[in-house]
Amino acid sequence: MNTLYVSDLDGTLLRSNETISEYTSNIINSLIDRGMIFSYATARSLITAKKVTKGINARIPLIVYNGAFVIDNLTENIMIANYFDDSVQSLLDDLLVNKVYPIVYAYIEGKEKFSFVPELCTAGMTKFIDSRKGDVRTNAVDTINKLKSGEIFYITCIDEPEKLKPLYEKYKDIYHCVYQREIYTNEQWLEIMPLTASKSNAIKQLQSLLECEKLIVFGDGQNDIDMFVLADESYAVQNAHEDLKKYATAVIASNDDDGVAKWLESKFS
């Protein structure tokens with residue numbers, strides 16, 4: 001029986017300083033060489049995910065943007081894509097009316113971009129954008145209407161809970177919404193994707209593609225709940241959100257204690 005192993009990155013495979021330890025890289029690479037079918041599912045883009053997982057030799061498709069895309073790790077070609085339909089224009093209008101000015105991810109003239117209006121950025125947005133300095137996807141625009149350009153697939157709002165929570169409640173059954181505190185900055189985020197975009201949907205497609213009968217997953221956040229529900233076995237790191245632990249087969253060592261790698265080293269055969 002083939003088993004697909006899928007790990008979240010931030011707070012799970014990555015340590016709290018956003019790096020992967022040499023021990024974790026060595027263990028995962030060794031097990032991949034022995035035949036382990038390993039991938040990761042992350043809210044990150046392919047660019048930032050590959051940067052922080054540089055030492056890991058995952059050769060199979062990767063799940064990024066919380067399942068909006070499945071991308072071939074070798075060719076970087078998009079294998080599965082989930083874009084918003086035309087309703088995204090009304091969604092953006094509603095955000096703007098409520099004085100929530102998002103970062104909007106889209107393909108514009110065939111190139112991946114994240115767009116924002118610098119003068120309307122919250123402090124949390126500015127921190128995030130500053131952390132992406134030099135990123136070729138950066139697209140500062142001068143009007144809010146330009147946030148609506150291109151084929152949109154992901155929307156990130158970083159603002160006060162009293163502004164974001166009502167929007168989450170309004171749209172959580174219409175789109176795939178993730179409402180949670182960012183683990184590194186403690187800023188409140190609301191991420192909105194097409195309803196079809198989720199880690200669990202992407203994993204199902206990947207599992208079918210790779211003909212894996214069994215699924216084992218690792219995670220730490222509320223946005224991992226859907227893949228925990230899907231999996232045959234699911235393991236929450238010690239530092240995981242308490243809501244996620246309720247769905248876990250077991251709780252393992254923390255991300256800073258290389259919990260995923262230690263579990264894989266002891267259990268993979």
Quiz prompt | Euclidean distance of C-alpha centroids, the range 239-269 and the range 86-136, integer Å | solution = 34 Å
Self-check item: Karplus 3J(HN,Hα) series, Hz, for the range 191-199 with 6.51 cos²θ - 1.76 cosθ + 1.60 (x for Gly, Pro)
Solution: 10, 10, 10, x, 4, 6, 8, 7, 4
Self-check item: the range 52-171: radius of gyration over Cα atoms, expressed as a fraction of 2.2 N^0.38 Å
Solution: 1.13
Quiz item: Taking the Cα atoms only, what angle lies between the long axis of helix 161-171 and the longest principal axis of the chain, rounded to 10 degrees?
Solution: 80 degrees
Quiz item: Say the cut-off is 19 Å between C-alpha atoms; which of Lys113/Lys146; Lys51/Lys113; Lys113/Lys165 go over it?
Solution: Lys113/Lys165
Self-check item: Amide H within-cut-off set for Leu215, under 5 Å, with H built and near neighbours excluded
Solution: Leu4, Asp232, Glu233
Practice problem: Could you list which residues have their amide H under 5 Å from that of Phe268, counting only those 5 or more apart in sequence or on another chain, with H placed in the peptide plane? | Solution: none
Exercise. Would you be so kind as to identify which of Pro118, Tyr179, Val136 lies farthest towards the positive end of the dipole of the chain, taking Lys and Arg as +1 and Asp and Glu as -1 on Cβ and the Cα centre as origin?
Key: Val136
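Readers should treat all values here as calculations from the given coordinates under stated rules, not as data from a laboratory. These numbers come from a predicted model, not from an experiment. Reconstructed Cβ throughout: ideal geometry from the backbone, glycine too, with neighbour counts over all protein chains shown.
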